[in-house]
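Here is the structure we will look at.
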Amino acid sequence: MKFLCQIWFDTEKSKLVPQSEWDALTQECIASDNRWRDSGHLQAAFALHEPSMAITVRLHNGEVSATDGPFAEIKEHLGGFVLIEAENIEEAKTIASSFPILKYCSIEVRPAYSIQDGR
């Protein structure tokens, strides 16, 4: 089964982490990702730039519009995601629990499926 692990940061608290800590954490995350990739569990892992670099696309009355940044003031922001392969949600939870980034965020683990085949 595939599971999407969403990495959620407290927006204000994450701004207080010194760059040196982020740099060290990045190296820990790279090593962790490589270990899980080598074991066949990690399918993809991506960090996201801050919400201010985003655009929001909407369809309203048949017209597409795009606006800068997130739609509303947010307390938490999506900082990245990891797609993993696991036997069940318990194994997925165990894998997500080992991610070094967990020191600075919460991780939502959610089963994923292909809309084409419904599984």
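The values are calculated or read from the model by the stated rules, or taken from the named source; none is laboratory data. The structure presented is a predicted model; accordingly, all values stated were derived computationally and were not measured. Note that we place each Cβ from the backbone using ideal geometry, even for glycine, and neighbour counts take in every protein chain shown. Calculation scope for accessible area: heavy atoms of the full protein, side chains included, ligands and nucleic acids excluded. Shrake-Rupley method; radii C 1.70, N 1.55, O 1.52, S 1.80 Å.
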**Asked** For the stretch 19-49, which residues satisfy the criterion of being out of contact with any Asp or Glu (no Cβ under 7 Å at 6 or more places or on another chain), polar (S, T, N, Q) and touching a residue at least 24 places away in the same chain (Cβ under 8 Å)?
**Response** Ser32
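Anything in the stretch 64-92 that is among the charged types (D, E, K, R) and either more than 21 Å from Phe46 (Cα to Cα) or more than 14 Å from the chain's Cα centre (by Cα) (or both)? List them, or say none.
Residues satisfying the conditions are Asp68, Glu73, Lys75, Glu85, Glu87, Glu90, Glu91.
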**Asked** Tally time: how many residues in the stretch 101-119 are of a type outside the set (Val, Ile, Thr) and either touching a Gly at 6+ places or on another chain (Cβ under 7 Å) or assigned to a loop (DSSP other than H, G, I, E, B) (or both)?
**Response** 8
**Request:** Please enumerate the residues belonging to the stretch 1-30 that are within 17 Å of the chain's Cα centre (by Cα) and small (Gly, Ala, Ser).
**Result:** Ser14
**Fill in**
Every listed condition ((1) part of a strand (DSSP E or B); (2) β-branched (Val, Ile, Thr); (3) open to solvent by less than 70 Å² (accessible area, probe 1.4 Å)) holds for Val64 save (3)
**Message:** What's the number of the only condition in (1) outside any helix (DSSP H, G or I); (2) among the charged types (D, E, K, R); (3) under 21 Å from Leu4 (Cβ atoms) that Arg58 fails to meet?
**Reply:** (3)
**Message:** Condition first: touching a residue at least 60 places away in the same chain (Cβ under 8 Å), in contact with a Pro (Cβ under 9 Å, 6 or more places away or on another chain) and hydroxyl-bearing (Ser, Thr, Tyr). Can you find one or more residues in the stretch 10-18 that meet it?
**Reply:** yes
